[in-house]
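So the structure is just underneath, and the comments pick up after that.
The values are calculated or read from the model by the stated rules, or taken from the named source; none is laboratory data. Quantities reported herein were computed from a predicted structural model and do not represent experimental measurements. Using ideal geometry, Cβ is built from the backbone for each residue, glycine included, and neighbour counts are taken over all protein chains shown. Ligands, DNA and RNA are stripped out before the accessible areas are found, and what is left, the full protein with its side chains, is counted by its heavy atoms. Shrake-Rupley method; radii C 1.70, N 1.55, O 1.52, S 1.80 Å.
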Amino acid sequence: MEHEFWHERWAKSEIGFHEGTVNQYLYDHWPELAGKSSDAVFVPLCGKAHDMWWLHDRGHPIIGVELSDVACKDFFEEGGEKAQVHPGEPFTTFKHDDLELWCGDFFQLAPDDLKHIRLVYDRAALIALPKPMRKHYVEHLTAVIPDGTRVLLITLDYETEIKGPPFNVSDEEVYELYGEDYDIEHIRTNTIAKDHPFAKRRGLEGGTESVFRLTKR
């Protein structure tokens, strides 16, 4: 999946992976992960997820990384806030208060960029990538976040033959990808309802969503 694929998806508004509301699993399980802390949160492949406003409203500084400048611009426009834009390499930053979107390639991140991060929220990064890229993604994430960082990971699994993204990621694959470097708690699995917008849009049957709490050793 080259950069052009994602730029084209955003340019055509082919963003079926965008929820448009705060994710219910984030709402339900974030307090267990973060406690009463106001630690900084990293959101990889963040798109224009409303979840970042929800996290910011709860006192968390945010760094989101997103390849598409369309998504970064839309995020602040739809949130009714004006961002300061700082062009640069390898990232152009869009900043409002202590909520920052870094527009560029996730794989260009370095450990110094995220040395203050203590929490990660991944609802749409791992499942956005085809299987050959997922190991590389997890390896790079592990390399750039500090030890002790806690991750809320939400995955999607389905049997229907549909073309991603989002792609199906089994619970077994989560343990394969993260087991060497993280403590893993599988805290929830739900069947996707037939009237779920994604299920209806893609003709999905028999799908499940799983929620994991990870801690980097």
Task: Close Lys-Lys pairs in region 87-180, where close means Cα under 24 Å and separation is 8 or more or interchain - done: 4
Task: Net charge of neighbours whose Cβ lies under 13 Å from the Cβ of Y182, counting Lys and Arg as +1 and Asp and Glu as -1 - done: -4
Task: Per-peptide average of other Cβ atoms within 10 Å, ordering 131-139, 101-109, 116-124 highest first - done: 116-124, 101-109, 131-139
- [ ] Counting only heavy atoms of the protein chains, get the accessible area per residue of region 48-109 (1.4 Å probe) and round it to a whole Å² value.
- [x] 46 Å²
Open item on the list: Please list, ordered by chain and number, the residues whose modelled amide H lies under 5 Å from the amide H of N23; skip anything fewer than 5 residues away on the same chain.
Closed with: D51
Task: Per-residue SASA entry for E180, accessible area with 1.4 Å probe, Å² rounded to 10 - done: 150 Å²
- [ ] Calculate one ³J(HN,Hα) per residue across region 174-190 by plugging θ = phi - 60° into the Karplus curve 6.51 cos²θ - 1.76 cosθ + 1.60, and present them in order as whole Hz with x for glycine and proline.
- [x] 4, 5, 5, 6, 9, x, 6, 10, 9, 7, 10, 10, 8, 9, 6, 9, 10
Task: Given charges at beta-carbon only (K, R positive; D, E negative), |dipole| of region 45-99 in Debye - done: 60 debye
Task: Y178 accessible area, 1.4 Å probe, all protein chains in place, Å² to nearest 10 - done: 0 Å²
- [ ] Run the accessible area of region 66-173 with a 1.4 Å probe and give the carbon-and-sulfur part as a rounded percent.
- [x] 49 percent
